[in-house]
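Everything below concerns the one structure shown next.
Each reported figure results from applying straightforward, stated rules to the coordinates on display, with no laboratory input. The shown structure was predicted, so the numbers you read here are calculated from the model rather than taken from an experiment. Here the Cβ positions follow ideal geometry from the backbone for every residue, glycine too, while neighbour counts run over all protein chains shown.
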Amino acid sequence: MDFSLTAEQQLLRDSLADWLADRYDLARSREAAASEAGWQPEVWRAFADDLGILGATLPEEVGGSGGGPVEAMVIAEQLGRALVVEPYVDTVVLGGGVLRRLPGAGDVLKGVVAGSVRIAPGLLEPTSGHTAHSVATTARRDGGDWVLTGAKAVVPGVPQATHLLLTARTSGEQRDLDGISIFLLPVELPGLQVHRYRTIDDRHAADLVLDDVQVPADALLGEEGRGWTALAPALDEALAALTAEAVGCMRTVLADTVAYSKERRQFGQPIGSFQALQHRMVDMHLEVEQSVAAMYLATLRLGAEPAERARATSAAKVTVSRAARFVGQNAVQLHGGMGMTQELAIGHYFKRLTAIEYELGPADHHRSRYASLTPKPRSAERGED
Amino acid sequence: MDLEWSAADLAFRDEVRAFLDERLTPDLRRAGRLMTSVYADHEASMRWQAILHERGWAAPAWPVEYGGCDWTVTQHYLFSRESILAGAPPLSPMGISMVAHVLIEFGTPEQKEFFLPRILTGEVFFCQGYSEPEAGSDLAALSMTAEADGDDLVCTGSKIWTTHAGEANWMFCLVRTSRAAKKQQGITFLLIDMSSPGIEVRPLVMTSGEQIQNQEFFDHVRVPKANVVGEIDDGWTVAKYLLEFERGGSAAAPKLQIMADEVARAAAGQPGPDGRPLLESPAFAAKLADARIRIDVLEVLEFRVLSAAAGGRNPGTASSMLKILGTELSQTLTELLLEAAGPRGRAYQPHATRPGGPLAGFAPPADGYVSGEEWQAVAPLRYFNDRAGTIYAGSNEIQRNILAKAALGL
Ligand SMILES: Cc1cc2nc3c(=O)[nH]c(=O)nc-3n(C[C@H](O)[C@H](O)[C@H](O)COP(=O)(O)OP(=O)(O)OC[C@H]3O[C@@H](n4cnc5c(N)ncnc54)[C@H](O)[C@@H]3O)c2cc1C
């Protein structure tokens, strides 16, 4: 058993942390988020050119440095710490994770590593809830082409994206794992309706309407109807990375809250001297530490067989969803009125933590996935006899 | 002993219902239904106040001689319950439910004559200037000074978190008129005309993007001594009296029941983890049932406090208890609504709601597009704004401190 980072991983962490501390200004990034562009392109360029984080987890054949889950964890945690809005997990971990499992995506992946390609994964739909394999959008063959019909909801990172990674059903029922196909499309697509909006956590997303959109045969990636085999592991990787991002956010939030409680004075003393608040901050600390452990659990089990991998990432998401709520809410509470504003960092982190609570499925969703993957005791299997 | 309404109560309820049916326009109901916090859209709320005033129901809790209603405690309860049920935008509490009671108890005849009728018509709209940057939970530490100069008090300092200071033309506030050994002494309760020279109002941007709260800066603002309520240096007595109306007063259970119904309606139309409606998901159903059970119990708790009040007994520590239970339940329900909103709950689309104030740096889409339904746009904003419930009107930590002392003798 070993929880230590290699020298290269430490270097990756430290150089990213230093760069973000020097160059990533919270106020500037919020301004960019509120703008039409929705982000700072120069930040993404630096991620690709100066820091090399976009290729850190992608294979060497496409220009990456061949790292794995631990590299993704290290990167996502630092991005969370600095509340980076640029969509690393969506584009690189989820988008890249799907693509690197499918043939024919090599050039696109090279673009991801270079920072010129950004992928917006369009999985959820108006009637899917948080279930990624609930796909009602259909794709049917039309001569050599495909025709896509349906709708996608809350597709993250759209104004920044160059490509859409869409699921569409080529056979089966709405919630079947079989029959899901993956299409990679340019964002500018004739016939595609895009409704863009900001999200509560200072990012951007869009709803897509596909009204018989004609796409060429090579838009289909991998085998028809077998998309879930690439999506399922990539989603678990994204869950692990999201957990790490949450840990980064929560570490900042806890540190800020403790610091504030030492500075803010009421009744002639620092509010941090009130035992009621000390216990609350200790409980926040316990939630953060459990989330750190959950982050390792998810990250280190990504290589396990599918059921074990899924159980670990669901366990991590349940832990982090609970922690994100508790830590976020109490950080606001302990800041009093100041916690309710956009003046301090805390308000912005609280919004991101709220989004993370639900992103890739809320706690109940993952509790039920965890339960369904947990073997029943033998007596229960036997039933009543 | 029973929990039923009398025939007279039911007849009264029907009368209120008929009135609401007739006078609440669809637009006013929308303003009530799409609220993102406890603050209704200002214009809609004032419009509704005018309609209520016409009927004599704008300030039912006031003594009849000033325009109140001769109602039983149950009738007050039924009126507020029916209003919420019908989706009426709530009236701003600062004038009608707060400072008016203080004026009635402590005001000079001139103050009563000037302010009370104008509060009723909405011509005078009050904001509450209690909190200061360095005096929040520790309100008595306030330091905005008011120095006597002839017939005036000259005020210098700052107030913060003032709800609707931008809309208000009057502020009731606490100022320091002298420094005594005990910080509660030397405070004065003062009414300030917001158009007086030397006042700057700066809106604050809250997490939701809404600008409802403000900070004000007072630079040698002259206020006639005639605007002091009660005695100079004895404002703490007045403030404590007002606090009883801020914390207690109305019942929370009806509002919470409606929120729970909203959650149920929302969850019935959204898919849960197994594909069936979220409302049928055992985990979600259990959470909602738990919230409803707490509301049922809170309602009886509130009835008990109300009937004690009707019997002339002081609610005592009950207002702290009800404040804690009501605000924390409300937060639970906003969590459930946000969960029910599903992935759409992440979209920031205040243009589909009726917030209680202007929005900072938000441009609605040209085509008015809304992702999902309006309630899904409301859900995250309500969740953010409702965090304030456990902070204002005496934070829940402060209420627990009060209960530890007063209820448990610790
Ligand atoms: C949306 C909103 C609207 C408001 N509207 C108005 C208004 O119209 N007019 C007005 O005057 N004010 C208003 N307020 C201000 C409100 O009354 C204050 O925010 C509140 O009194 C808390 O003060 P504070 O924000 O300075 O927090 P602080 O007093 O600094 O408290 C910070 C944290 O410390 C805790 N704490 C403080 N003392 C203790 C203790 N002894 N023991 C344990 N914990 C403690 C608090 O509970 C809180 O969690 C509003 C606030 C909000 C958020």
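For a quick check: with amide H placed at 1.01 Å from N, whose amide H comes under 5 Å from A:T341's, ignoring anything fewer than 5 positions away on the same chain?
Close amide H contacts, sequence-distant or interchain: B:T207.
Compute the angle between helix B:235-247 and the longest alpha-carbon principal axis of chain B, please, reported from 0 to 90 degrees and rounded to the nearest 10.
10
Spin-label point model (7 Å from Cα, Cβ direction): what's the B:L403 to B:E244 distance in nm?
Result: 2.1 nm between the two label points.
Identify which of A:L277, A:L300, A:L148 has the largest mean-square fluctuation in a Gaussian network model of chain A, with springs joining Cα atoms closer than 10 Å.
Maximum among the listed residues: A:L277.
Can you work out ³J(HN,Hα) from phi for every residue in segment A:215-228, in order, using Karplus 6.51 cos²θ - 1.76 cosθ + 1.60 and θ = phi - 60°, giving whole Hz and x for Gly and Pro?
10, x, 4, 7, 6, 6, 9, x, 7, 4, x, 10, x, 4
Which whole-Hz couplings ³J(HN,Hα) result when phi for each residue of segment B:251-256 is put into the Karplus expression 6.51 cos²θ - 1.76 cosθ + 1.60, θ = phi - 60°, listed in order with x for Gly and Pro?
For segment B:251-256, the Karplus-derived couplings read 8, 8, 4, x, 4, 5 Hz, x marking Gly and Pro.
Between segment A:279-358 and segment B:121-148, what is the separation of their alpha carbon centroids in Å?
37
Applying a 10 Å radius around every beta-carbon, put A:330-337, B:73-80, A:372-379, B:15-22 in order of their mean neighbour count, most first.
A:330-337, B:73-80, B:15-22, A:372-379
Using only Cα positions of segment B:7-91, each an equal point scatterer, no hydration layer, compute I(q)/I(0) via Debye at q = 0.13, 0.16, 0.21, 0.26 Å⁻¹ and quote the log10 values to two decimals.
Log-scaled intensity ratios, in q order: -0.40, -0.60, -1.01, -1.36.
Calculate how steeply helix B:396-406 sits against the longest principal axis of the alpha-carbon atoms of chain B, using the helix alpha-carbon long axis, and give the answer as 0 to 90 degrees to the nearest 10.
Around 70 degrees separate the two axes.
With just the Cα atoms defining each centre, how far is segment A:91-130 from segment A:160-238? Give it in Å.
One Cα centre to the other: 9 Å.
With Cβ to Cβ distances under 13 Å as the rule, what net charge do the other residues near A:V74 carry (K, R +1; D, E -1)?
Values: positive: A:R13, A:R81; negative: A:E8, A:D14, A:E71, A:E77, A:E245.
Net charge around A:V74: -3.
Would you mind telling me the antiparallel percentage of the DSSP bridges in segment B:126-237, rounded to 5?
If I count the DSSP bridges inside segment B:126-237, around 85 percent turn out antiparallel.
Tell me the relative contact order for chain A as a rounded percent, counting alpha carbon contacts under 8 Å between residues six or more apart. The partial results should precede the final answer.
Details: 712 pairs, mean separation 56.6, N = 385.
Normalised by residue count, the contact order of chain A is 15 percent.
Taking θ = phi - 60°, what integer Hz values does the Karplus form 6.51 cos²θ - 1.76 cosθ + 1.60 yield along segment B:139-151, in sequence order, with x for Gly and Pro?
Karplus-based 3J(HN,Hα) across segment B:139-151 equals 4, 5, 7, 4, 10, 4, 8, 9, 9, 5, 8, x, 8 Hz.
Considering the zone a paramagnetic label at A:F3 would reach in this model (a point 7 Å from Cα along the Cα-to-Cβ line), which residues of segment A:57-73 have amide N under 19 Å from it?
Counting only backbone N, you get A:69-73.
Under 5 Å between amide H atoms, partner at least 5 residues away or on a different chain: which partners does A:L189 have, H built in plane at 1.01 Å?
Placed amide hydrogens put nothing under 5 Å from A:L189.
Arrange the peptides B:61-67, A:310-316 so that the one whose residues have, on average, the most other Cβ atoms within 10 Å appears first.
Values: B:61-67: 14.9, A:310-316: 24.6.
Ranked by mean Cβ neighbours within 10 Å, highest first: A:310-316, B:61-67.
In percent, what relative contact order does segment B:247-406 have, based on Cα pairs under 8 Å that are 6 or more apart in sequence? Let's see the in-between values first.
Working: 159 pairs, mean separation 42.3, N = 160.
Relative contact order, segment B:247-406: 26 percent.
In whole Å, how far is the Cα centre of segment B:220-270 from that of segment B:11-40?
For segment B:220-270 versus segment B:11-40, the Cα centre distance is 20 Å.
Please list, ordered by chain and number, the residues whose modelled amide H lies under 5 Å from the amide H of A:L58; skip anything fewer than 5 residues away on the same chain.
Residues meeting the criterion, in which the H sits 1.01 Å from N, are A:S65, A:G66, A:G67.
Using R₀ = 45 Å, calculate the FRET efficiency as 1/(1 + (r/R₀)^6) where r is the Cβ-Cβ separation of B:A181 and A:R28; round to 0.05.
After rounding to 0.05, the efficiency reads 0.40.
What residue among A:Q193, A:Q214, A:Q269 has the largest mean-square fluctuation in a Gaussian network model of chain A, using Cα springs under 10 Å?
Looking only at A:Q193, A:Q214, A:Q269, the biggest GNM fluctuation is shown by A:Q269.
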